[in-house]
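Okay, handing you the structure first.
The values are calculated or read from the model by the stated rules, or taken from the named source; none is laboratory data. Fair warning: this is a prediction, and the values are worked out from it, not measured in the lab. Cβ sites come from the backbone with ideal geometry, for glycine too, and all protein chains shown count toward neighbours.
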Amino acid sequence: MLSTKDIEQLHEIGISKEAVEQQLSNFAKGFPYLDIVKPAVVGDGIIRLECSEVDDLVDLFKSYEGSLTKFVPASGAATRMFKHLYEFIDEYPERQDACFEDKGFNSMWNFFDKIKKFAFYGDLKAELEKNRCSIDTLVEQKDYTTIVKALLQPYALNYGNLPKGLIKFHTYPDGARTAFEEHIVEGAQYTRMPNGDVHIHLTVSPEHRDGFEKLANEVVPHYEEVHGVKIAIEYSEQKRATDTIAVEEDNSPFRDAEGRLVFRPGGHGALIENLNELEAELVFIKNIDNVVPDRLKPQTVLYKKALAGLLVSYQSLVFDYLSQLQEQETPSEEFLHEVLDFTIDELCILPPTGLNLSDTDALRSYLTEKLNRPIRVCGMVKNEGEPGGGPFWATNPDGSISLQVVESSQIDMSDPQKKTIFESSTHFNPVDLVCGIVDVDGKKFDLLKFRDPNTGFISLKSKDGRPLKAQELPGLWNGAMSDWITIFVEVPLITFNPVKTVNDLLREEHQG
């Protein structure tokens, strides 16, 4: 299917012919569903920490001397945040009264009724006043679209095209803070190393990088002084080589008007490549829009430190067992079964039924392979009806069963049993991870070796009015980390406060 010109295009992007052929094969065959066994619940896959345990783990983390980094996926545009505002611009001229009939939380009525509570209100007011307009007058005249356009359009504040990280989220007596700034403040409180250094890594889109760098140059000196730290911010961009080919409905390559192959970003799973290049031993991961004002940060900081302390605790045990497995010439059967019990009871890794437990060589090899992996501790919140992935026990390709973060797209919902298992989940994945990415010798793992390539998925999109099929890589916290040691911990719901729509900023949790 690929011509000489196609091969030249692949070379320009940095994608191998073999990778494209594999992607085309995936379109043709589809991805297999994941075999979930049961939901992970408190006491059976999810750890619930007592207050005293939280304090002990925080103290343990205080003594950690390894390198730390806070990793924030921040490349997504805020366009979807303002979806109903764009719809309002189109609908209002024809349906003025109807646009305000809905007085629910996410309604336009609520947006305008509480507009002064938004952290960006001051900027919006000033933008309109530059053009000799008053928000109050525009509201009286029912000229609502002028206000919304001033917020969204490129000739004004341009919020519709900015990344979420550069949107002002919260108001303080001395001004407003963007989501990016809140991550800086948060990071200063739990990623501070003994020498006072704080490392924060953002993945950004190329077109927005200058905006992040400009804001960082303006605000970092202030936050360094306030928190007594030295903040280093690094940026990376999603590699073009992680883009995936698009296809027609018949699975032939989708081409643009010039006949060139069309590629699309491979989803957040592509960021495993960025994560793999970090020079750190312990990494905190959290989404750009999940931040709170200072008054609610203590609980978030407390549990971040507790999750890190738990990782350090488990990592110490794993490293100790690995060292003994490597150093002992002939480990005793008793010791091997002690390690096996640890993998089952503590790490929630159930061995495949075909494993011969009396074959010491085979058991030693199995245990070494299962322990010599990156470790992640994942915070999980009680499910309050949020869409998305959750914690499950799932069967792996080698027949073992372990804990996995599973998305609904990975489940065969036509199978009543699997659908029931998925719907009986009690917890939700808020993307609250602490990761240990070095081995027992202190060397960085090659994280690309621990992905499950069969956990991608196919979606329907369009380009230039034509339908196409797109392929996403295994997600960052599910398929891209499927072969990691995984530990689930219940965290308070207050630590999960994402901003999916602009009206979410009106919630009590986002008010100063």
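Have a look at PHE88, PHE31, PHE82 and point out the one that is in contact with a Gly (Cβ under 6 Å, 6 or more places away or on another chain), touching a residue at least 40 places away in the same chain (Cβ under 8 Å) and in a helix (DSSP H, G or I).
PHE82
Still on this structure, I have one more. If you take the residues of region 166-212 that are of a type in the set (Gly, Ala, Ser) and more than 28 Å from VAL58 (Cβ to Cβ), which of them is farthest from the chain's Cα centre (by Cα)? Write out each step before concluding.
Initial filter on region 166-212 (of a type in the set (Gly, Ala, Ser)): 175-176, 179, 187-188, 196, 205, 211.
Add one more test, that the residue is more than 28 Å from VAL58 (Cβ to Cβ), and what stays is 175-176, 205, 211.
Values: GLY175: 28, ALA176: 25, SER205: 15, GLY211: 21 Å.
Top of the filtered list is GLY175.
Yes or no, residue by residue, for (1) at pLDDT below 95; (2) hydrophobic (A, V, I, L, M, F, W, C); (3) not assigned by TED's automatic domain parsing to the domain that holds GLN315:
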| site | (1), (2), (3) |
| --- | --- |
| LEU215 | no, yes, no |
| GLU234 | no, no, no |
| GLY269 | yes, no, no |
| ILE272 | no, yes, no |
| LEU278 | no, yes, no |
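I'm checking my understanding of the structure. Among residues of region 136-151 that are in contact (Cβ under 8 Å) with a residue 60 or more places away in the chain and buried (at least 20 other Cβ atoms within 10 Å of the Cβ), which one is nearest to LEU124 (Cα to Cα)?
That would be LEU151.
Within region 289-336, which residues are under 30 Å from ILE167 (Cα atoms), free of Cβ contacts under 8 Å to residues at least 12 places away in the same chain and either buried (at least 19 other Cβ atoms within 10 Å of the Cβ) or of a type in the set (Ser, Thr, Tyr) (or both)?
So the first thing to find is which residues in region 289-336 are under 30 Å from ILE167 (Cα atoms), and the list is 289-308.
Subset that is free of Cβ contacts under 8 Å to residues at least 12 places away in the same chain: 298.
Across region 289-336, there are no qualifying residues.
For every residue, the table says whether it meets (1) surrounded by fewer than 17 Cβ atoms within 10 Å (Cβ to Cβ); (2) modelled with pLDDT of 95 or more.
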site: GLY43; (1), (2): yes, yes
site: TYR64; (1), (2): no, yes
site: LEU68; (1), (2): no, yes
site: ALA78; (1), (2): no, no
site: PHE82; (1), (2): no, yes
site: ASP90; (1), (2): yes, no
site: GLU94; (1), (2): yes, no
site: GLU101; (1), (2): yes, no
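Right, next: Run down LEU336, LEU357 and say which single residue is of a type outside the set (Ser, Thr, Tyr) and at pLDDT 95 or above.
Result of the check over LEU336, LEU357: LEU336.
When the residues of region 260-279 are filtered to those that are within 16 Å of ILE13 (Cα to Cα) and over 17 Å from the mean Cα position of the chain (by Cα), which remaining residue is surrounded by the fewest Cβ atoms within 10 Å (Cβ to Cβ)?
Step one: of region 260-279, the residues within 16 Å of ILE13 (Cα to Cα) are 260-266, 270, 273.
Subsequent filtering for residues that are over 17 Å from the mean Cα position of the chain (by Cα) retains 260-264.
Numbers: ARG260: 12, LEU261: 21, VAL262: 17, PHE263: 22, ARG264: 17.
It comes out as ARG260.
Does VAL438 satisfy the criteria of being crowded, with 18+ Cβ neighbours inside 10 Å, assigned by TED's automatic domain parsing to the domain that holds LEU371 and within 22 Å of VAL318 (Cβ to Cβ)? Don't jump to the end; show me each part of the working.
Details: crowded, with 18+ Cβ neighbours inside 10 Å: yes; assigned by TED's automatic domain parsing to the domain that holds LEU371: yes; within 22 Å of VAL318 (Cβ to Cβ): yes.
Yes; evaluated as a whole, the condition is true for this residue.
Can you pull out the residues in region 268-320 that are outside any helix (DSSP H, G or I) and among the hydrophobic types (A, V, I, L, M, F, W, C)?
Matches in region 268-320: LEU278, ALA280, LEU282, VAL283, PHE284, ILE285, ILE288, VAL291, VAL292.
Still on this model: Given the criteria within 28 Å of ILE184 (Cα to Cα), more than 26 Å from the chain's Cα centre (by Cα), outside the structural domain of ILE437 (by TED's automatic domain parsing) and not in a helix (DSSP H, G or I), does LEU157 qualify?
yes
Restricting attention to region 461-483, does a residue exist that is in a helix (DSSP H, G or I), surrounded by fewer than 21 Cβ atoms within 10 Å (Cβ to Cβ), acidic (Asp, Glu) and in the same structural domain as ALA176 (by TED's automatic domain parsing)? Explain how you work it out, then say what you get.
Within region 461-483, the subset in a helix (DSSP H, G or I) is 479-481.
Now narrow it down to the ones that are surrounded by fewer than 21 Cβ atoms within 10 Å (Cβ to Cβ): none.
No, every residue in region 461-483 fails to be in a helix (DSSP H, G or I), surrounded by fewer than 21 Cβ atoms within 10 Å (Cβ to Cβ), acidic (Asp, Glu) and in the same structural domain as ALA176 (by TED's automatic domain parsing).
Here is a further query. Could you grab the pairs with beta carbons closer than 8 Å, sequence gap of 6+ or different chains, first residue in region 374-385 and hydrophobic (A, V, I, L, M, F, W, C), second one surrounded by fewer than 19 Cβ atoms within 10 Å (Cβ to Cβ) and modelled with pLDDT of 95 or more?
Final answer for the pair search is ILE375/TYR314; VAL377/TYR314; VAL381/PRO492.
Condition check ((1) of a type in the set (Phe, Trp, Tyr); (2) under 23 Å from VAL491 (Cα atoms); (3) touching a Phe, Trp or Tyr at 6+ places or on another chain (Cβ under 7 Å)) across all residues:
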| residue | (1), (2), (3) |
| --- | --- |
| GLU338 | no, no, no |
| LEU350 | no, no, no |
| LEU357 | no, no, no |
| THR360 | no, no, no |
| CYS378 | no, yes, yes |
| VAL381 | no, yes, yes |
| GLU384 | no, yes, no |
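So which residues in region 246-267 are without any contact (Cβ under 8 Å) to a residue 40 or more places away in the chain and part of a strand (DSSP E or B), if there are any at all?
Passing the criteria: only ARG255.
Something else now. Residues LEU433, LEU371, LEU403: which one is modelled with pLDDT of 95 or more, farther than 20 Å from ILE272 by Cβ and crowded, with 16+ Cβ neighbours inside 10 Å?
LEU371
Looking at region 453-469, I want the residues that are closer than 20 Å to ALA257 by Cα and have a partner that is exposed (fewer than 13 other Cβ atoms within 10 Å of the Cβ) and of a type in the set (S, T, N, Q) with Cβ atoms under 7 Å, at least 6 apart or on another chain. Which pairs are those?
Final answer for the pair search is LEU468/SER462.
Continuing with the same structure: Within region 339-365, work out how many residues are more than 35 Å from the chain's Cα centre (by Cα), of a type outside the set (Gly, Ala, Ser) and either exposed (fewer than 14 other Cβ atoms within 10 Å of the Cβ) or part of a strand (DSSP E or B) (or both).
4
For region 225-251, give me each residue that is polar (S, T, N, Q) and closer than 20 Å to ILE13 by Cα.
SER236, GLN238, THR242, THR244
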